[in-house]
Amino acid sequence: MNLAILAGGIMIAFGALAAGIGNGVLFSRYLEGIARQPEARGTLFGQSMVALGLVEALPIISIAFGLLVLFGVIGG
């Protein structure tokens, strides 16, 4: 088995796993904040959308590099 294929698969899998965990934690904290202070809903929504962009950036980059490794562009 070529190790580049294994490395690409692991990068893609961990990228998807990180996105799921990050989104789950983010929105659970968002809902918890709304439950504690309902009047801060608008502020919390804006901050959670910025955080969502940051949480999603790393898995997208990881998946992109994983695909590059998987198809042999990087890593021979």
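Sort out which residues of region 65-76 are open to solvent by less than 50 Å² (accessible area, probe 1.4 Å) and in a helix (DSSP H, G or I), and write them in order of number. Working first, answer last.
Our first condition is that a residue be open to solvent by less than 50 Å² (accessible area, probe 1.4 Å); within region 65-76, this holds for 66, 69, 72.
Listed by number, the residues that qualify are 66, 69.
Inside region 26-57, can you point out the residues that are among the hydrophobic types (A, V, I, L, M, F, W, C) and either under 11 Å from the mean Cα position of the chain (by Cα) or outside any helix (DSSP H, G or I) (or both)?
Answer for region 26-57, where residues must be among the hydrophobic types (A, V, I, L, M, F, W, C) and either under 11 Å from the mean Cα position of the chain (by Cα) or outside any helix (DSSP H, G or I) (or both): 26, 51, 52, 54, 55, 57.
How many residues does region 38-60 contain that are open to solvent by 40 Å² or more (accessible area, probe 1.4 Å) and free of Cβ contacts under 8 Å to residues at least 24 places away in the same chain?
Qualifying residue count, region 38-60: 13.
Here is a check on your reading of the model: is residue 34 closer than 18 Å to residue 72 by Cβ, aliphatic (A, V, I, L, M) and open to solvent by less than 80 Å² (accessible area, probe 1.4 Å)?
no
The values are calculated or read from the model by the stated rules, or taken from the named source; none is laboratory data. The shown structure was predicted, so the numbers you read here are calculated from the model rather than taken from an experiment. Here the Cβ is made from the backbone with ideal geometry for all residues, glycine too, and neighbour counts use every protein chain on show. Areas reflect the complete protein model, heavy atoms only, side chains present, ligands, DNA and RNA absent. Shrake-Rupley method; radii C 1.70, N 1.55, O 1.52, S 1.80 Å.
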